[in-house]
Amino acid sequence: MNKLYLVGMPAAGKTTTAKWLANKLGWDCVDLDEQICAISGMSIPALFSALGEEGFRELEAKCLRETRNLQNAVISCGGGTAAFHGNMDWMKSHGLTLYLNTSFDVLVQRIAENESGRPLFQGSNKQEIMEKLVELSEKRSIYYGSAKIIWNRSEPNDFLYKAVNQLVMN
């Protein structure tokens, strides 16, 4: 396997963990949301506003599939990427998948600190954030849970690196 796709709830730490793992592996790091913004010239909230969620998800799936030819890359996906357009099955057939199963308490705290960049949570208080996270988790857990690796911590560490490294080297 020469690609690693990180999936998980919004604010799970996918971007941070992707950068960390890419550095440890000596691989490139690709942030799918950044790719989408670069291609469209718009921010994620602006895209959601302009295209609606379905239009955004179509663009996201297209950009995801453009990672097909990457070599030695860690790809940080958006929170919903795995749950739309057959993306999770596609990722599993094109690379190794890693689900960051971060606790709801940590997710709520991270989102509350920066909800402006997360269209699904704009204007929400902590209770509303928690309710939306529970609802999203119910819809998305079947996709996330099918990942090859499930990481049940809020931060990466050397144990995660060793597990990933062993799988990508085989």
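The values are calculated or read from the model by the stated rules, or taken from the named source; none is laboratory data. Here the structure is a predicted model, which is why all the values come from computation and not from measurement. Note that we place each Cβ from the backbone using ideal geometry, even for glycine, and neighbour counts take in every protein chain shown.
Tabulated data
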| item | result |
| --- | --- |
| Among the residues listed as Lys62, Lys3, Lys14, Lys24, the single one being surrounded by fewer than 20 Cβ atoms within 10 Å (Cβ to Cβ) and touching a residue at least 40 places away in the same chain (Cβ under 8 Å) | Lys24 |
| Boolean, Asp31 is more than 16 Å from the chain's Cα centre (by Cα) and either closer than 25 Å to Phe159 by Cα or crowded, with 21+ Cβ neighbours inside 10 Å (or both) | no |
| Leu51, sole failed condition from (1) at pLDDT below 95; (2) within 17 Å of the chain's Cα centre (by Cα); (3) part of a helix (DSSP H, G or I) | (2) |
| Complete set of residues in the stretch 116-136 that are touching a residue at least 24 places away in the same chain (Cβ under 8 Å), within 24 Å of Gly55 (Cβ to Cβ) and either in contact with a strand residue (DSSP E or B) (Cβ under 7 Å, 6 or more places away or on another chain) or not charged (D, E, K, R) (or both) | Ser116, Gly117, Pro119, Leu120, Phe121, Gln122, Leu133, Leu136 |
| Residue match in the stretch 91-99 (condition: touching a residue at least 60 places away in the same chain (Cβ under 8 Å), within 21 Å of Ala147 (Cβ to Cβ) and among the hydroxyl-bearing types (Ser, Thr, Tyr)) | yes |
| The one condition in (1) within 23 Å of Gly145 (Cα to Cα); (2) not in a helix (DSSP H, G or I) that Gln71 fails to fulfil | (1) |
| Exclusive hit being in contact with a Ser or Thr (Cβ under 9 Å, 6 or more places away or on another chain) and not β-branched (Val, Ile, Thr), set Gly80, Gly95, Gly145 | Gly95 |
| Within the stretch 35-45, tally of residues that are surrounded by 14 or more Cβ atoms within 10 Å (Cβ to Cβ) and farther than 23 Å from Glu138 by Cβ | 7 |
| Members of the stretch 138-155 found to be under 19 Å from Met91 (Cβ atoms) and in contact (Cβ under 8 Å) with a residue 12 or more places away in the chain, listed by number | Lys139, Arg140, Tyr143, Tyr144, Gly145, Ser146, Ala147, Lys148, Ile149, Ile150, Trp151 |
| Count of the stretch 116-165 residues which are in a helix (DSSP H, G or I), at pLDDT 90 or above, polar (S, T, N, Q) and exposed (fewer than 13 other Cβ atoms within 10 Å of the Cβ) | 1 |
